[in-house]
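Only one structure is covered here, and it is reproduced in the block below.
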Amino acid sequence: MIEDKVFERIEYLCEKKHFTMYKLAKESGMPYSSLNNIIHRRTCPTVGTLEKLCKGLNISLSDFFDFELYPLNNDNLTPDEDELINKYRALPQNKQMLLNAYIDGLSQK
């Protein structure tokens, strides 16, 4: 069911971004008890609640459902590469730009 996919995505994105449920609730501006009910009682969140969760995860609602950008499994990457990519995606855009510049500097010969 689609609800199961929503719960899987929340848990997956928290894991990839190294968020606890408490941190997600805090970053999303919602009570921890509400998020806990969603996850443990399998209460399907509303679109408004999903938008808050996405804001807390620093992603858009369309990113939440984008399995190409955030695949549940990516067998083509090593665990270190997967972790690095997910840490990069968790950064705000200005820090992504700084990291890109740093990597460009490292890769120049």
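Bear in mind these aren't lab numbers, they're just calculated from the coordinates by the rules spelled out. None of these values were measured; they are calculated from a predicted model. Here the Cβ is made from the backbone with ideal geometry for all residues, glycine too, and neighbour counts use every protein chain on show.
Structure notes:
- Each stretch of four or more DSSP H residues adds -39500 (n - 2.57); spread over every residue of the chain, this sum gives -20500 deg cm²/dmol at 222 nm.
- Within-14-Å neighbourhood charge of GLU3 [Cβ basis; K, R +1; D, E -1]: +1
- Here's the picture: charge each Lys and Arg Cβ at +1 and each Asp and Glu Cβ at -1 in the chain, and of THR46, SER33, LEU91 the one pushed furthest to the positive end of that dipole is SER33.
- Those lysines that a straight Cα-Cα span of less than 25 Å connects to LYS52, excepting residues fewer than 8 apart in one chain: LYS5, LYS16, LYS17, LYS23, LYS26, LYS87, LYS95
- With a Förster radius of 22 Å applied to the C-beta separation of GLU51 and GLU81, the computed FRET efficiency comes to 0.15.
- 0 to 90° range, to nearest 10: angle between helix 47-57 axis and the chain longest Cα axis: 30 degrees
- With both labels modelled 7 Å from their Cα along Cα-to-Cβ, the ARG42 to GLN96 distance reads 3.4 nm.
- Charging the Cβ of each Asp and Glu at -1 and of each Lys and Arg at +1, and nothing else, the dipole of the chain about its Cα centre rounds to 520 debye.
- Using only Cα coordinates, the Kirkwood hydrodynamic radius of the chain works out to 15.0 Å.
- Relative contact order (%) - the chain, alpha-carbon pairs under 8 angstrom, separation at least six: 25 percent
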